[in-house]
Amino acid sequence: MADWEMRSEIEGDVVFFRYTGENLERAFSEVYVWDLDKTYLDTSWASASELWRTVIEKAFQKKNIPGTASLVRALRSGWEDKRGQLAFPIYFITASPPQMEEKITQKLELDEIKPLGAFFKDNLKNWKPSRWWRLTKQVGFKVQALLQLRTRLKEDVRQVLWGDDSESDAVIYSLYSDICARRHSEKELIDILSSLHVIGEQTETILDLQEQIPVNDPVEKIYINLATDTDPEYYLKFGRRCVPTLNTLQAALDLFQDGRLNVGRVLNVAKDMRENYGITKEEMESSIDNLVRRQILGEPTVQVILPELVGHGFLSRDFRPSVEPRKVEESRDGRIFRLEGVHEPWIPEGIDYFHEFR
């Protein structure tokens, strides 16, 4: 038996590595779940050759999506400020094969990040012509992983989820939300999973896991990194809680608006992106203008953060958004749920999973 098999829990092609005790897992009221590929790390599984190239990379050769390491560290620091030194509750999900787990954890250690656990896909067995199609079909794998994680967490936990537009993560996270909330009958769910290329054994496992979890929706928010330049308007079908972002700075600004980051930590992310990834002042201005035009950043947030970004040289002194930011119409516990004049629901009554038009 390989070393990784002895250190993990295996269910089908879902391989889980636990880095903390079960009691600690159930202690958190809020948990962050981060897809690794094209969301945290700049990796790709579009072909067998890309899979192999990623497998042989050393930890220090793996590249971050610009700003992601500083954003996770900022979230961790904010968490520690509010809750002391209790471990930061973050999990990773990746289509990387479990044979890569040691390199991935080394990379995260280089980034000063210690997750509570990580889910890997036993994907090397798909590295043959008859199974290549399964390399890039992630819905069954990710939904199962999310549900397995849900069984480990406390009943009223809230989850903030990160994904990207290369693997239908908005579909995956919204479907996971629906499964937890029981928004579909068993037959409807089976039909949806079948249309998303989920194989029979995965569907059976998903249905079994659904029976083991509480009947509530744990998904607080979904961030989607637009790695393949999908039109942000496409994501309105998933509701306002799904926030597509053009870069990590946009995610940091929305997290500031929701009270999960303070001003100083937003500035740290901006500094990292400018000094280490070359984002320009014009690109930062465009990012902010984009969020205001899409009615994501509200007036109170803009009034606070703009002077800080200008004062630290990230924006031009004469910068103003091209449209006036909206006032806040609905907020709860410091979270912004609706701006004035915005009519799209926070969570839609029904999502069309059968037709993908991007």
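Among beta bridges from DSSP that stay inside the range 3-246, the antiparallel ones total about 30%. Each peptide in 179-191, 289-301 was scored by the mean count of other Cβ atoms within 10 Å over its residues; highest first, the order is 289-301, 179-191. Translational diffusion of the chain, estimated by Stokes-Einstein from the Kirkwood radius over alpha carbon pairs at 25 °C in a medium of 0.890 mPa s, is 117 µm² per second. Pull up the cross-link candidates among the aspartates and glutamates for K187, meaning alpha carbon to alpha carbon under 17 Å and not fewer than 8 places away within one chain. Within reach: D178, E201, E204, D208, E211, D352.
Based on DSSP H segments of at least four residues, each scored -39500 (n - 2.57), the chain has a per-residue ellipticity at 222 nm of -12000 deg cm²/dmol. Against the chain, whose longest principal axis comes from its Cα atoms, helix 68-83 is set at around 80 degrees. Comparing Cα centroids, the range 332-358 and the range 225-271 end up 15 angstrom apart.
Taking 21 Å as the limit for the C-alpha separation, the pairs K63/K271; K63/K237; K63/K103; K38/K221; K38/K62; K271/K327 exceed it in the case of K63/K237; K271/K327. Peptides 302-311, 101-110, 240-249 ranked from most to least packed, by the mean per-residue count of other Cβ atoms within 10 Å: 240-249, 101-110, 302-311. Between 0 and 90 degrees, the angle of helix 299-311 with respect to the longest Cα principal axis of the chain falls at about 80 degrees. For the chain, the residue among I206, L267, A251 whose Cα projects farthest onto the positive side of the dipole built from Cβ charges is L267. Of all segments of the chain bounded by chymotrypsin sites (Phe, Trp or Tyr not before Pro) found in a DSSP loop with no more than 11 other C-beta atoms within 10 Å, the longest spans 1-353. What is the angle, in °, between the Cα long axis of helix 281-293 and the longest principal axis of the Cα atoms in the chain? Nearest 10 is fine, range 0 to 90. Around 80 degrees separate the two axes.
Readers should treat all values here as calculations from the given coordinates under stated rules, not as data from a laboratory. Since this is a predicted model, take the numbers as computed values, not measurements. Note: ideal-geometry Cβ built from the backbone for every residue, glycine included; neighbour counts use all protein chains shown.
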